[in-house]
Amino acid sequence: MPKTIVTAAITGAIHTPSMSPYLPVTPEEIAEHAIGAYEAGAAVAHVHIRNPETGRPSSDMDIFRDVLARIKSKCNIIVCTTTGGGLGMPTSERIKVVPTFNPELASFNGGSVNFGLFDIPERMKIEEWKQPWELEYLKMTEDFIFSNTFKSLREFARAFEECNTKPELEVYDVGMINNLLYLVRKGYLKTPVYLQFVMGVMGGIQPSVQNLVFLYDTAKRAFGDDFIWSVCVAGRAQIPICSAALAMGGNVRVGLEDSLYLGKGVLAKNSAEQVEKIINVARAMSIETATPDEVREILGLKGLDKVGY
Ligand code: KMH
Ligand code: ZN
């Protein structure tokens with residue numbers, strides 16, 4: 001049985017500083033959480049960056065450089081840079097991280113979705129907002145399409161190819177598997193593809209074991225044996241659905257990007273705590289987790305000596 005890939009998504013662009021005091025914001029904090037996730041057993045860190053003063057998702061390449069250098073100076077974790085960026089960022093800003101840093105792995109969003117965060121303020125009952133941008137950022141998503149048109153998918157695929165960056169294909173709903181199959185058939189993406197099933201974003205597929213099996217079966221019909229898959233879950237079903245994925249032979253992603261909690265009513269202090277939790281579940285199932293170098297082998301990555309940071 002191949003070893004399992006554990007990814008930690010460190011800060012993301014869904015949560016805002018008022019939702020948890022533990023959400024990493026500065027380059028130091030983001031790097032420190034990524035290194036902590038590595039020490040806890042994660043082989044991949046999925047990284048977004050934020051404006052260190054306001055905590056707002058950012059596409060500033062100097063901040064990215066700082067974070068990437070800090071992580072690389074301390075460990076050999078694979079960094080999967082985001083090309084999703086922050087909500088409302090133009091695609092031209094989102095892709096820049098790939099040609100600028102030539103990462104080994106980067107997220108590649110598989111289609112458009114009405115990425116709905118507008119319900120979070122009511123659900124979380126936040127009493128005081130630390131930053132003036134937060135509420136508006138969340139509310140505007142009621143009328144916001146996270147745009148990944150076929151034209152931009154083709155352009156993203158070309159940029160990834162030129163930089164020999166492996167795409168981690170984010171699948172927010174089942175139809176996106178067909179978008180990706182189209183890109184493979186046209187020769188824009190190479191197999192084996194690496195799929196990340198993203199469950200629980202409002203506007204996308206909701207987390208359940210049935211839906212996870214549906215995603216897996218659909219991917220199997222599309223790609224045969226030519227795919228590797230992982231799952232991540234926004235919200236409280238993070239650990240339960242990741243546990244189901246482990247039982248199905250899949251790979252898992254946890255981290256504060258997807259859930260701020262460690263358990264009911266308990267905020268996670270960092271992504272490492274969630275990594276530790278899911279690795280304990282894996283151990284209980286006699287599933288071994290892969291080191292960064294083993295994941296490089298599994299995913300066919302070019303290696304840390306070939307990145308541009
Ligand atoms: N920024 C979100 C809209 C990614 O990193 O590529 C989606 C996201 C995916 O976080
Ligand atoms: Zn992300």
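The values are calculated or read from the model by the stated rules, or taken from the named source; none is laboratory data. All figures in this text were calculated on a predicted structure; none of them were measured in a lab. Neighbour counts are summed over all protein chains in view; Cβ atoms, including those assigned to glycine, are modelled from backbone coordinates with ideal geometry. To get the accessible areas, we keep the full protein, side chains included, count just its heavy atoms, and leave off ligands, DNA and RNA. Shrake-Rupley method; radii C 1.70, N 1.55, O 1.52, S 1.80 Å.
Structure values in brief
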| item | result |
| --- | --- |
| Those residues of the stretch 30-57 whose amide nitrogen sits under 20 Å from the label point placed on ASN280, 7 Å along Cα→Cβ | 36-43 |
| Of the trypsin sites (Lys or Arg not before Pro) in the stretch 99-162, those whose Cβ has at most 10 other Cβ within 10 Å and which sit in DSSP loop | LYS125 |
| Full-extension gain in nm, ALA69 to GLU294, via 0.36 nm per residue minus C-alpha separation | 78.8 nm |
| Bridge type composition, the stretch 6-306 - antiparallel percent by DSSP, nearest 5 | 15 percent |
| Using a Förster distance of 22 Å, the FRET efficiency for ASP217-ALA247 (Cβ separation, nearest 0.05) | 0.90 |
| Estimated dipole of the stretch 6-306 in Debye, rounded to 20 [Cβ of Lys and Arg +1, of Asp and Glu -1, Cα centre] | 540 debye |
| Beta bridges per DSSP with both ends in the stretch 1-120, % antiparallel, nearest 5 | 20 percent |
| Spacing of the two label points (7 Å from each Cα toward its C-beta) at GLU122 and GLU142, in nm | 0.8 nm |
| Cα-based shape type of the stretch 126-212, given that a ≥ b ≥ c are square roots of the gyration tensor eigenvalues and the cut on a/c is 1.5 | prolate |
| Average accessible surface area per residue within the chain, 1.4 Å rolling probe, Å² | 42 Å² |
| Two-site FRET efficiency, ASN114 against TYR22, from Cβ-Cβ distance with R₀ of 22 Å, rounded to 0.05 | 0.20 |
| Whole-number percent relative contact order across the chain, with pairs defined as alpha carbons under 8 Å at least 6 apart | 24 percent |
| Value of relative contact order over the stretch 174-231, rounded to a whole percent, pairs C-alpha under 8 Å and six or more apart | 48 percent |
| Lysine pairs with alpha-carbon atoms under 25 Å apart, the stretch 114-236, spacing 8 or more or separate chains | 10 |
| Orientation-averaged projected area, Cα convex hull of the chain (nm²) | 13.9 nm² |
| Reciprocal of mean inverse Cα separation for the stretch 59-120 (Kirkwood radius, Å) | 13.0 Å |
| Dipole magnitude (debye, nearest 20) for the stretch 55-114, charges at Cβ of Lys, Arg, Asp, Glu | 120 debye |
